[in-house]
């Protein structure tokens, strides 16, 4: 059902505080997927990928949104939905179609949707335990 699996590794590059991850991106659950190395950015909500890369995969824009970039600029960019695969985990997430001057980054929402957290102390990714929080009081029947 899935395209062939590529090994995934997280490595720290010489620049302090920057972490990179290899993952796969696709327009559909069944692929095809393209692999790439991206910087993890816990300051970024959405994942940003080059417009041309997304278009070649078949990811379509769904709308427009406003974003504040790390340098303080406010920009308007298109967004869509793409499938990401990291260490065997697959998830659909919102991706920003980034411009030629925007850095491609893996945002914190996609990282958490895939079930991972950035472990700054150890310099890698850590799988986290998912939780389901009930809003129903104990003893109250479900309608």
Once fully extended, how much extra length lies between residue 131 and residue 60, figured as 0.36 nm per residue of separation less the alpha-carbon to alpha-carbon distance? 22.4 nm
Just report the Cα centroid separation between segment 70-124 and segment 21-66, whole Å. 8
Give me log10 I(q)/I(0) at q = 0.35 Å⁻¹ for segment 19-61, Debye formula, one equal scatterer per alpha-carbon, no solvent. -1.24
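If we count other beta carbons within 10 Å of each Cβ, what is the order of 42, 135, fewest first? Could the numbers behind the result be given before it?
Values: 42 15, 135 4.
Listing 42, 135 from fewest to most nearby Cβ atoms yields 135, 42.
Using the beta-carbon distance between residue 122 and residue 37 and R0 = 25 Å, what value does 1/(1 + (r/R0)^6) give for FRET efficiency, to the nearest 0.05? Please report the intermediate quantities before stating the final value.
On the way: r = 19 Å, r/R0 = 0.78.
About 0.80, to the nearest 0.05.
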Quick one: give the max-minus-min coordinate of the C-alpha atoms of segment 10-127 along each principal axis, largest first, in Å. 37, 37, 21
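Rule-based calculations on the coordinates, nothing more; no lab input. Given the structure is predicted, the values throughout are model-derived calculations rather than measurements. In this analysis, Cβ positions are derived from the backbone assuming ideal geometry, glycine residues included, and neighbour counts consider all displayed protein chains.
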